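Worksheet: one structure, shown below.
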Amino acid sequence: MDKTQTAQKASIFSIIGNTLLAVCKWLAGYFGNSYALIADAIESTADIFSSILVLLGIRYASKPADEDHPYGHGRIEPLVTFAVVGFLIISATIIAIESIENIRTPHEGPKLFTLFVLGAIIIWKELSYRLVIRKAKQTGSTSLKADAWHHRSDAITSVAAFIGISIAIYKGEGYESADDWAALFAAFIILYNSYHILKPAWGEMMDKDMYTDIANDICDFSKTIDGVADTEKCHIRKTGMSYYVDLHIIVNKNITVKEGHDIAHELKRRLIAHKPEIADVLIHVEPSR
């Protein structure tokens with residue numbers, strides 16, 4: 001199974017899981033009189049649309065390079081990540097506004113059964129996060145990583161809701177709003193996670209130098225190729241799930257242009273075989289001093 005198929009299957013898993021959980025949370029929150037659960041349901045509903053966006057983005061990013069897009073279509077990935085973060089911010093804002101309104105308005109406390117629902121949700125969402133983040137690391141997909149953090153954010157908001165409902169039930173009258181304070185706290189956690197999801201996607205869009213480990217590996221590997229005396233520069237940019245490398249190598253100044261050309265082509269062939277996530281390597285040949 002290639003990276004695109006792996007990422008798509010992980011996205012479909014997220015869509016199905018978020019749909020089932022959203023329905024479960026809406027019902028449990030409504031009948032269990034828990035706004036923290038309803039806040040959770042709002043986030044899960046947003047997650048459905050963001051996961052669909054991720055799936056569409058991955059499919060578009062997998063399109064091969066063409067005349068108009070010589071570097072492929074991978075830059076759609078960070079753009080999708082921006083949209084996913086937008087869903088998170090909107091969800092957090094709605095949750096915060098509704099939580100404050102509920103804190104100011106006296107209401108009946110949540111019911112006990114909502115704790116059992118939340119316990120199952122927390123376990124499921126954490127397992128979902130671990131599965132999707134593993135697939136994101138395997139594929140190098142920025143948007144899939146954002147989708148994974150949606151699962152982790154959902155688990156965190158569910159933990160906050162669990163604590164709030166537990167306090168409201170245990171303390172009883174006068175503590176009904178503990179459930180709402182938990183939802184408000186969860187909104188700030190979602191906003192905090194949004195920043196950490198957005199940061200690497202922004203760096204990818206701006207071609208930020210943030211692949212030092214890969215660059216070091218490429219330079220070390222290049223020096224093992226016959227004819228490569230050293231490396232001078234290595235710049236990497238990520239497009240979708242692939243990397244494009246600009247590499248400067250140093251060769252013996254006394255060899256012919258053709259020999260330098262052959263060394264560069266052999267290095268490119270071997271590098272792509274060594275690291276299949278590399279889509280292309282542009283090699284500049286420098287003469288030794």
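The residue that is nearest to the chain's Cα centre (by Cα), counting only those in the stretch 12-45 that are under 15 Å from TRP149 (Cα atoms) and surrounded by 24 or more Cβ atoms within 10 Å (Cβ to Cβ), is SER14. When LEU282 is tested against (1) surrounded by 14 or more Cβ atoms within 10 Å (Cβ to Cβ); (2) part of a strand (DSSP E or B); (3) at pLDDT 85 or above, only condition (1) is not met.
Taking the stretch 83-94 as the range and being hydroxyl-bearing (Ser, Thr, Tyr) and surrounded by fewer than 24 Cβ atoms within 10 Å (Cβ to Cβ) as the test, only THR93 passes. For the stretch 244-256, the criterion of a residue being out of contact with any helix residue (DSSP H, G or I) (no Cβ under 8 Å at 6 or more places or on another chain), within 30 Å of VAL54 (Cα to Cα) and of a type outside the set (A, V, I, L, M, F, W, C) is satisfied by at least one position. Are any of the residues in the stretch 199-221 part of a strand (DSSP E or B), under 30 Å from LYS145 (Cα atoms), touching a strand residue (DSSP E or B) at 6+ places or on another chain (Cβ under 7 Å) and hydrophobic (A, V, I, L, M, F, W, C)? Checked the stretch 199-221: no residue is part of a strand (DSSP E or B), under 30 Å from LYS145 (Cα atoms), touching a strand residue (DSSP E or B) at 6+ places or on another chain (Cβ under 7 Å) and hydrophobic (A, V, I, L, M, F, W, C). Scanning the stretch 201-210 for residues that are exposed (fewer than 12 other Cβ atoms within 10 Å of the Cβ) and under 11 Å from VAL85 (Cα atoms) gives no hits. If you take the residues in the stretch 46-82 that are open to solvent by less than 40 Å² (accessible area, probe 1.4 Å) and aliphatic (A, V, I, L, M), which one is nearest to SER128 (Cα to Cα)? The residue in question is ILE48.
When restricted to residues that are in contact (Cβ under 8 Å) with a residue 24 or more places away in the chain and out of contact with any Asp or Glu (no Cβ under 8 Å at 6 or more places or on another chain), the stretch 240-261 contains 8.
Considering the conditions (1) in a helix (DSSP H, G or I); (2) within 30 Å of TYR129 (Cβ to Cβ); (3) open to solvent by less than 40 Å² (accessible area, probe 1.4 Å), TYR243 is excluded by exactly one of them, (1). If you go through the stretch 118-146 and pick out every residue that is in contact with an Asp or Glu (Cβ under 8 Å, 6 or more places away or on another chain), farther than 24 Å from ASP179 by Cα and not hydroxyl-bearing (Ser, Thr, Tyr), you end up with 3. When the stretch 108-139 is filtered for residues that are among the β-branched types (Val, Ile, Thr) and open to solvent by less than 60 Å² (accessible area, probe 1.4 Å), the ones remaining, listed by number, are THR114, VAL117, ILE121, ILE122, VAL132, ILE133, THR139.
When the stretch 174-189 is limited to residues that are free of Cβ contacts under 8 Å to residues at least 60 places away in the same chain and in contact with a helix residue (DSSP H, G or I) (Cβ under 8 Å, 6 or more places away or on another chain), the one that is surrounded by the most Cβ atoms within 10 Å (Cβ to Cβ) turns out to be ALA178.
One line per residue, one yes/no per condition, for (1) without any contact (Cβ under 8 Å) to a residue 24 or more places away in the chain; (2) over 23 Å from LEU21 (Cα atoms); (3) within 26 Å of the chain's Cα centre (by Cα); (4) open to solvent by 10 Å² or more (accessible area, probe 1.4 Å):
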{"site": "ASP154", "(1), (2), (3), (4)": "no, no, yes, no"}
{"site": "GLY172", "(1), (2), (3), (4)": "no, yes, no, yes"}
{"site": "LEU191", "(1), (2), (3), (4)": "no, no, yes, yes"}
{"site": "HIS196", "(1), (2), (3), (4)": "no, yes, yes, yes"}
{"site": "LYS199", "(1), (2), (3), (4)": "yes, yes, yes, yes"}
{"site": "THR212", "(1), (2), (3), (4)": "yes, yes, yes, yes"}
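The single condition among (1) in a helix (DSSP H, G or I); (2) of a type outside the set (A, V, I, L, M); (3) closer than 24 Å to ASP207 by Cα that SER11 does not satisfy is (3).
The values are calculated or read from the model by the stated rules, or taken from the named source; none is laboratory data. Note that this is a predicted model, so its numbers are computed, not measured. As a convention, Cβ positions derive from the backbone with ideal geometry for all residues, glycine included, and neighbour counts pool all protein chains shown. Surface accessibility is based on the protein's heavy atoms, side chains included, excluding ligands, DNA and RNA. Shrake-Rupley method; radii C 1.70, N 1.55, O 1.52, S 1.80 Å.
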